[in-house]
Amino acid sequence: MGNRMNWYLSKMRKTLFALLAIGFISTSLEAGDFDAERQQVLDLANLTTAPKVIAADGFAAEGNIKAIYFDGLPYEGHPTKVFAWIGLPEKTEGKAPGIVLVHGGGGTAFKDWVKHWNDHGFAAISIAVEGQTDVKTPGAKSGVIPTGWKQHAWPGPWREGIYQDSDRPLSDQWMYHAVADTILANSLLRSLGEVDPEKVGLMGISWGGIITSTVVGIDERFAFAIPTYGCGDLAVAPNQYGRALSDNQVYKQVWDPMQRIARAKMPILWYSWPGDLHFPLDRQANNYRNAPGTRMVSLVLGMRHGHGAAWNRPESYAFAESVVKTGQPWCRETDMSVEDGKCSVTFECDRPIDEAMLLSTTESGATGLRKWNQTKATLSRNGNKWQATATLPPGETGWFMNVVAGDLVVSSDYQIADSGK
């Protein structure tokens with residue numbers, strides 16, 4: 001803690017010097033070779049030994065859910081631990097599948113998130129990746145991270161804006177520790193005798209979605225992944241991410257999930273909604289089009305952005321359940337065509353489809369700021385294949401097709417018209 005606080009105060013006192021230094025380092029790195037740094041990130045895949053665990057005193061267990069600390073990587077020469085809630089389902093036949101859960105900005109390890117997955121038959125571990133617990137102390141002058149969560153006794157770094165610590169050594173950067181914590185949580189969960197190590201997945205929300213998009217290209221042991229909202233390819237996003245990252249060579253050359261997304265061979269659910277202001281649909285689409293594993297896309301109109309908004313909907317659970325049972329998502333796009341102003345998308349699904357809707361826009365700019373129009377599509381069936389067809393509106397700049405099965409929404413890949421590029 002002492003070393004970190006000294007560094008932080010020094011940085012505050014010498015703001016101008018730091019800005020100049022960052023500019024110099026950025027220029028130097030741009031001209032340099034990032035191979036060593038990229039390899040250092042890939043080497044985090046070697047964290048396959050389950051970390052040491054101790055009980056988190058003062059946090060009441062609930063059924064099979066308990067609070068723990070597990071060992072993280074050293075930070076500034078000091079040992080670190082990661083606070084987490086971990087739980088097993090009440091009843092299972094044989095070993096349970098599992099999932100690692102990673103919160104977003106402003107979040108922490110959530111007991112309720114673990115309980116949701118336990119209720120669906122999954123062992124789950126929800127981790128706090130900023131050295132915090134799940135106790136919030138708003139307005140405290142010390143002992144908390146900027147989002148108000150209480151810091152425990154063995155913290156690593158917390159997130160500083162949008163990769164604002166890129167001037168630091170790689171192993172002292174927050175994303176390095178967040179990725180390591182996630183991989184260590186996987187090693188811990190799959191080491192439990194009650195858990196099937198071949199059926200452990202990963203879900204992250206918002207910043208946790210960025211972490212998930214990063215980890216899927218590093219830790220090939222994950223059986224499936226659900227990056228929610230967050231993705232890579234953000235240096236060109238027309239929002240705060242693009243403004244922060246357009247000149248950040250460490251992000252673009254080392255941390256951008258696009259650097260490794262071609263290694264992600266597990267089934268992935270890319271989960272979001274068209275009104276998301278943080279992660280544009282075109283950036284997300286660039287991620288999934290470059291990931292070779294089987295994919296499912298779910299863009300839920302009106303879903304909103306948040307932890308509860310994601311875990312209270314059924315799509316993530318249905319996807320995970322189908323993958324651990326069959327190895328494949330329960331529904332996926334198999335064909336798409338556009339001809340004479342009509343679009344047609346074919347889905348192969350394991351359950352009946354109730355309706356299909358075309359979502360389209362004629363506006364430009366960030367997808368989260370556009371108006372999205374919903375048009376009923378014609379639906380036809382041939383066995384387990386369902387074809388949705390609709391007329392594209394004149395001047396459309398982007399579109400996708402949604403099919404609905406009960407409460408579940410599945411989407412086609414997001415399409416960009418030439419005029420919308």
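Numbers at a glance
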| read-out | value |
| --- | --- |
| Whole-angstrom gap from segment 228-259 to segment 337-387, using each part's C-alpha centre | 29 Å |
| Computed over segment 333-420, the ratio Rg/Rh where both radii use C-alpha atoms and Rh is Kirkwood | 0.97 |
| Residues with amide H under 5 Å from that of ILE99, placed H, sequence gap 5 or more | ALA123, ALA124, ILE125, GLY201 |
| Two-site FRET efficiency, ARG263 against ALA417, from Cβ-Cβ distance with R₀ of 45 Å, rounded to 0.05 | 0.90 |
| Unit charges on C-beta of K, R, D, E only; dipole of segment 333-420, Debye | 220 debye |
| Lone cysteines, the chain (no partner Cβ under 4.7 Å) | CYS231, CYS343 |
| Rounded to whole Hz, the Karplus (6.51, -1.76, 1.60) HN-Hα couplings of segment 198-215, x for glycine and proline | 8, 10, 9, x, 9, 9, x, 10, 6, 4, x, x, 5, 4, 4, 4, 6, 5 |
| LYS325/ARG243 FRET efficiency (R0 56 Å; Cβ-Cβ; nearest 0.05) | 0.80 |
| Förster-model FRET efficiency, 60 Å R0, SER380 and ALA153, C-beta, rounded to 0.05 | 0.45 |
| Measure of compaction for the chain (Cα Rg per 2.2 N^0.38 Å) | 1.00 |
| Relative contact order of segment 333-420, defined on C-alpha pairs under 8 angstrom at six or more residues apart (%) | 32 percent |
| 25 Å Cα-Cα reach of LYS66 towards lysines, excluding residues that sit fewer than 8 places from it in its own chain | LYS52, LYS81, LYS91, LYS95, LYS111, LYS115, LYS136, LYS150, LYS199 |
| GNM flexibility winner over the chain from GLY106, GLY58, GLY365 (Cα, springs under 10 Å) | GLY58 |
| Under the Karplus curve 6.51 cos²θ - 1.76 cosθ + 1.60, θ = phi - 60°, whole-Hz ³J(HN,Hα) for segment 341-346, x wherever Gly or Pro sits | x, 10, 10, 9, 10, 10 |
| Expected 222 nm ellipticity per residue - DSSP helices of 4 or more, -39500 (n - 2.57), all of the chain, to 500 | -7500 deg cm²/dmol |
| In nm, spacing of pseudo-spin labels at THR137 and GLU363 (7 Å Cα→C-beta vector) | 4.3 nm |
| Relative contact order %, segment 34-329, counting alpha carbon pairs below 8 Å whose residues are six or more apart | 16 percent |
| Qualifying lysines (Cα of each under 26 Å from Cα of LYS371; at least 8 residues distant if same chain) | LYS342, LYS421 |
| Between segment 314-334 and segment 72-89, the alpha-carbon center distance in angstrom | 30 Å |
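Read the figures in this text as sums done on the coordinates, not as results from a lab. Fair warning: this is a prediction, and the values are worked out from it, not measured in the lab. Here the Cβ is made from the backbone with ideal geometry for all residues, glycine too, and neighbour counts use every protein chain on show.
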